[in-house]
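Worksheet for the structure shown next.
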Amino acid sequence: MSAITHHTPDSLIAAYASGNLSQPYSVVVAAHISLCLECRASYEAHQTVGGTFLETSETELVSEGLKAGLLDLLDEPFEAQKTYQRSGAYPGPVMEALKGKPPRWKRLGMGTRQSILSSGPDGSVRLLYIPPGQAVPDHSHNGLELTLVLQGSFHDETGRFEVGDIEIADQSLEHTPIAGMGAPCICLAATDTPLRFASLIPRLLQPILRI
Amino acid sequence: MLTAYLDTTQIDGRAVLARPNGYSSVTQTNKISDQTAFIIAVRDNRDRAAFAQLFDHFAPRLKGFMMRSGVGSGQAEEIVQEVMLTVWRKAEQFDPNRAQVSTWIYQIARNRKIDVIRKENRPVPEELAEDPANEPDAGQILAVEQEASQLRQALSRLKPDQREMIERAYMGDLSHQQISAQTGVPLGTIKSRIRLGLERLRHELKELR
Ligand SMILES: [Zn+2]
């Protein structure tokens, strides 16, 4: 694993650890933590804060029969919940979003492809496949964009992003990410705005199409 | 048995003592918490009495946690039951060298709460590869507990309104607007404490890979 230089900000890890991050961002943060020991340590530290509050906050009396009912269930047979393992470039949380299957790519033009993992009122999360030297398609110009590199690399005005690196871009960041040479760049990208049709068209085409 | 791991261990030069009830203890100044001893007994011996003790301690806290998110008493108890059943079934995944039992149960409860109340499937990070030497290490457990108690003290020293805001963020009765407006600032004040815990955890985690 190459050294990760762009990490998830502590505020996002805190939001994720406390269960306050929307689903699309949570996929990206969970994937980054799967690749990054430093952010995993931070995540576990934040969960310790949660555990501390669980210990000290207000309690509610439970019904009398609850414990006996539970003890009766201990020997019941059960099916362990399925967990998803890393597969190739895709960490467990991405495999889970893919339901264990390979991505179904849709062409965006110029050799660029995307595979939408989820899209809804909370935002969207998708995989992007960008050939070497091509521009990374624009996600949206609204809200916060999280982009995690899973294969290859990209660079923009703010620096170079390699496998495991996460870029946090808000609308104030004017940037033009370009995939690095070498292996095609595969990214996991989340936004908090629903995907708009125009944003699916690669940035390089936008001036031509006058969007 | 937990005691078998621990009773030959020396902590700060003090012998670790085994208590007659089977749960271990050390001298008053360096004592592994009862909760930790219970979960290890559940994990290693499927000890029902220890599990019942964990239930007595955590069920009212978990119910309080769930009800803060606005669910009724009945549904809160259903979730408590599911969370505690998960504790029983997944106990072998608990690593006392890395986390406190309250941290681990918080994690399970928070995931369950999101699944049930928000009707979303919470994305979770991959589990770390199993540590082959995953035996409880008394010194390490005490270090984890000490870190957590320092964290607790750091939290208790915050201004009451700051503390309350952070508590509400972690216990889930803050709206998203309130969170985006509020968490950045107060969370920053305990960042240094989190960083200390982080550093220790990072060393631990590096050895796992
Ligand atoms: Zn990181």
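Okay, here's what the table says:
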| quantity | calculated |
| --- | --- |
| Matching residues, the range A:72-96, being surrounded by 15 or more Cβ atoms within 10 Å (Cβ to Cβ) and more than 7 Å from chain B (Cβ to nearest Cβ) | A:Y84, A:A89, A:Y90, A:V94, A:M95 |
| Among (1) open to solvent by 10 Å² or more (accessible area, probe 1.4 Å); (2) closer than 22 Å to B:E167 by Cβ; (3) away from the ligand (no atom under 15 Å from the Cβ) - the single one A:E44 does not satisfy | (3) |
| Number of the exception - A:D10 against (1) surrounded by 19 or more Cβ atoms within 10 Å (Cβ to Cβ); (2) more than 9 Å from every other protein chain (Cβ to nearest Cβ); (3) within 14 Å of the ligand (Cβ to nearest atom); (4) not hydrophobic (A, V, I, L, M, F, W, C) | (2) |
| The range A:20-48 residues that are within 7 Å of chain B (Cβ to nearest Cβ), paired with ones that are of a type in the set (S, T, N, Q) and away from the ligand (no atom under 15 Å from the Cβ) (beta carbon under 6 Å, 6 or more apart) | A:Q47/B:T103; A:Q47/B:Q107; A:T48/B:T103 |
| Tally of residues being over 24 Å from A:S87 (Cβ atoms) and modelled with pLDDT of 90 or more across the range A:130-155 | 3 |
| Residue in the range B:74-87 that is open to solvent by 10 Å² or more (accessible area, probe 1.4 Å), touching a residue at least 40 places away in the same chain (Cβ under 8 Å) and in contact with a Lys or Arg (Cβ under 9 Å, 6 or more places away or on another chain) present | no |
| Residues within the range A:119-153 that are among the hydroxyl-bearing types (S, T, Y), under 22 Å from A:Q171 (Cβ atoms) and open to solvent by 40 Å² or more (accessible area, probe 1.4 Å), tallied | 1 |
| Complete set of residues in the range B:141-169 that are without any contact (Cβ under 8 Å) to a residue 60 or more places away in the chain, of a type outside the set (D, E, K, R) and either within 24 Å of B:K113 (Cα to Cα) or surrounded by 14 or more Cβ atoms within 10 Å (Cβ to Cβ) (or both) | B:A143, B:V144, B:A148, B:L151, B:A154, B:L155, B:L158, B:Q162, B:M165, B:I166, B:A169 |
| From A:L54, A:L61, residue being more than 16 Å from the ligand (Cβ to nearest atom), surrounded by 19 or more Cβ atoms within 10 Å (Cβ to Cβ) and outside any strand (DSSP E or B) | A:L54 |
| Filter result for B:R89 (among the basic types (K, R) and within 7 Å of chain A (Cβ to nearest Cβ)) | yes |
| Long-range neighbours under 8 Å by Cβ, at least six apart or interchain, first residue touching a residue at least 40 places away in the same chain (Cβ under 8 Å) within the range A:80-109, second among the basic types (K, R) | A:G92/A:R86 |
| Breaking point among (1) modelled with pLDDT of 90 or more; (2) in a helix (DSSP H, G or I), for A:A15 | (1) |
| Those residues of the range A:20-39 which are open to solvent by 10 Å² or more (accessible area, probe 1.4 Å) and either near the ligand (Cβ under 9 Å from one of its atoms) or out of contact with any Pro (no Cβ under 9 Å at 6 or more places or on another chain) (or both), in sequence order | A:N20, A:L21, A:S22, A:Y25, A:L35, A:L37, A:E38 |
| Candidate set: the range A:145-156, residues that are under 14 Å from A:H6 (Cβ atoms) and away from chain B (no Cβ under 14 Å); chosen: the one nearest to the ligand (Cβ to nearest atom) | A:V149 |
| Members of the range B:95-106 found to be part of a loop (DSSP other than H, G, I, E, B) and under 15 Å from B:H57 (Cβ atoms), listed by number | B:Q100 |
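One line per residue, one yes/no per condition, for (1) touching a Phe, Trp or Tyr at 6+ places or on another chain (Cβ under 8 Å); (2) more than 7 Å from every other protein chain (Cβ to nearest Cβ); (3) within 17 Å of A:D72 (Cβ to Cβ):
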| position | (1), (2), (3) |
| --- | --- |
| B:F55 | no, no, yes |
| B:M66 | no, yes, no |
| B:E77 | no, no, yes |
| B:Q81 | no, no, yes |
| B:Q100 | no, no, no |
| B:W104 | yes, yes, no |
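The values are calculated or read from the model by the stated rules, or taken from the named source; none is laboratory data. In this text, all values refer to a predicted model and were calculated from it rather than measured experimentally. All Cβ positions, glycine included, derive from the backbone under ideal geometry; neighbour counts span all protein chains shown. Just the protein is used for accessible areas: all its heavy atoms, side chains included, with ligands, DNA and RNA removed. Shrake-Rupley method; radii C 1.70, N 1.55, O 1.52, S 1.80 Å.
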